[in-house]
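Structure first, commentary second.
The values are calculated or read from the model by the stated rules, or taken from the named source; none is laboratory data. Everything numeric here is computed off the predicted structure, so don't read it as measured data. Positions of Cβ are backbone-derived with ideal geometry, glycine not excepted, and every protein chain shown enters the neighbour counts.
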Amino acid sequence: MKILIMGGAGMVGQKLLNLILKKQELRNKKVSEITLFDIIKAPYPENSSIPILTKSGDISDPTVSNDIISSKPDVIFHLAAIVSGQAEQEFDLGWNINAKGSWGLFEAIRSQGDEYCPRVVFTSSIAVFGAPFPDKIPDDFFTTPLTSYGAQKAISELLLADYSRKEMIDGISIRLPTICVRPGKPNLAASGFFSGIIREPLNGKEAILPVDTDVRHWHATPRSAAGFLIHAAEIDTKKLNNRITLNMPGLSATVQEQIDALGRIAGHDVVKLIKHQPDPVIQKIVSGWARNFDTQRSIDLGFKAESSFDEIIKIYIEDDLKK
């Protein structure tokens, strides 16, 4: 069983790698090789019992996609993307990486011939939805993205569905909640503050809150994200009846509920490190994001996430705080 993780240097890619190394198998087969691809060389444990290869390059270059597919991996996790805030600010870069990059990958798979049909797990996003919203977004809610990032993810979903319909790929798209609490340094994602207002105070640092505390959003932990990816790789896609895009389960919480949970776990002095500095650009982007979902379909298919924000914070403390 050969595995390719595209976006392998990223936080979720690293979480996925560690989970695969722990499991040692996927789809009831022993993992024989893992390739990590990213724009930079991805880190990996040197003492791994499974051979790990690294490749780097620009996914928007078709020759790069052809190269990384040439070994015919059995399972491809497509996590490679420019994050939301950067995709909005750098229009050409976002479309080249997030949309053209996906298409180039799918074409590279098709070019290998009819006998090659790998499982492709694509990480989409709840950014494919746009306001106005119902109280809970159902699985059949239409996609009207209000950001370039959301549009790029929606187009990649449709491309994967068509290639899968043609049996060139055995694909599944999973729309991830905002991943929180993200470890490490802040990135350019517009949603980064959802993690920052928890992560930075827990590490004794000041955090900037650019939106009002009544903002509600949809969350899941990095631990859950890795679990979603593994489960998506192993699920029988025939059960999806050609509806291969799934909204992942998560937790709907307001910023105030996040802060209250932080106070219960870490105390009021930690909460005081959060400083409210409104940012109109971030506020506008966030106002068009989904807030709550009915994900019974994915739950029935075996996907699982957290049930409280206290649990989300405790998982960050257990998995990532000061490691």
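Here are some notes:
- Qualifying residue in segment 211-222 (condition: closer than 30 Å to Val31 by Cα, of a type in the set (A, V, I, L, M) and either part of a helix (DSSP H, G or I) or in contact with a Gly (Cβ under 7 Å, 6 or more places away or on another chain) (or both)): yes
Yes/no per residue for (1) of a type in the set (Ser, Thr, Tyr); (2) over 16 Å from Ile82 (Cα atoms):
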| position | (1), (2) |
| --- | --- |
| Thr123 | yes, no |
| Phe129 | no, yes |
| Phe141 | no, yes |
| Ser148 | yes, no |
| Ile155 | no, no |
| Leu160 | no, yes |
| Glu167 | no, yes |
| Thr178 | yes, no |
| Pro186 | no, no |
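- Phe194 satisfies every condition listed in (1) closer than 25 Å to Asn241 by Cα; (2) touching a Cys at 6+ places or on another chain (Cβ under 8 Å) except (1).
- Residues in segment 270-287 that are within 15 Å of Gln256 (Cβ to Cβ) and among the β-branched types (Val, Ile, Thr) were compared, and the one that is surrounded by the fewest Cβ atoms within 10 Å (Cβ to Cβ) is Val271.
- Some residue of segment 128-143 being part of a strand (DSSP E or B), touching an Asp or Glu at 6+ places or on another chain (Cβ under 8 Å), more than 21 Å from Asn96 (Cα to Cα) and among the aliphatic types (A, V, I, L, M): yes
- Any hit, segment 78-89, residues being small (Gly, Ala, Ser), under 15 Å from the mean Cα position of the chain (by Cα) and within 23 Å of Asn292 (Cα to Cα): yes
- Of all the listed residues (Asp114, Asp140, Asp92, Asp162), the sole one being of a type in the set (D, E, K, R), over 23 Å from Lys2 (Cβ atoms), at pLDDT below 95 and more than 18 Å from the chain's Cα centre (by Cα) is Asp140.
- Selection within segment 138-180 - crowded, with 19+ Cβ neighbours inside 10 Å and more than 24 Å from Gly104 (Cα to Cα): Pro177, Thr178, Ile179, Cys180
- Where a residue in segment 159-172 is farther than 15 Å from His78 by Cβ and its partner, wherever it lies, is of a type in the set (S, T, N, Q), with Cβ under 8 Å and at least six apart: Arg165/Asn242
- Hey, Pro73 in contact with a strand residue (DSSP E or B) (Cβ under 6 Å, 6 or more places away or on another chain) and touching a residue at least 24 places away in the same chain (Cβ under 8 Å) or not: yes
- Scanning segment 157-188 for residues that are closer than 30 Å to Val255 by Cα and either of a type in the set (Ser, Thr, Tyr) or touching a His at 6+ places or on another chain (Cβ under 8 Å) (or both) gives Ser173, Pro177, Thr178, Ile179, Cys180.
- Candidate set from segment 306-323 (those that are in contact with a strand residue (DSSP E or B) (Cβ under 8 Å, 6 or more places away or on another chain) and buried (at least 18 other Cβ atoms within 10 Å of the Cβ)); member that is nearest to Gly227 (Cα to Cα): Glu306
- Residue that is nearest to Lys100 (Cα to Cα) [pool: residues in segment 51-63 that are touching a strand residue (DSSP E or B) at 6+ places or on another chain (Cβ under 8 Å) and buried (at least 18 other Cβ atoms within 10 Å of the Cβ)]: Ile59
- Phe228 vs. criteria under 24 Å from His268 (Cβ atoms) and part of a helix (DSSP H, G or I): no
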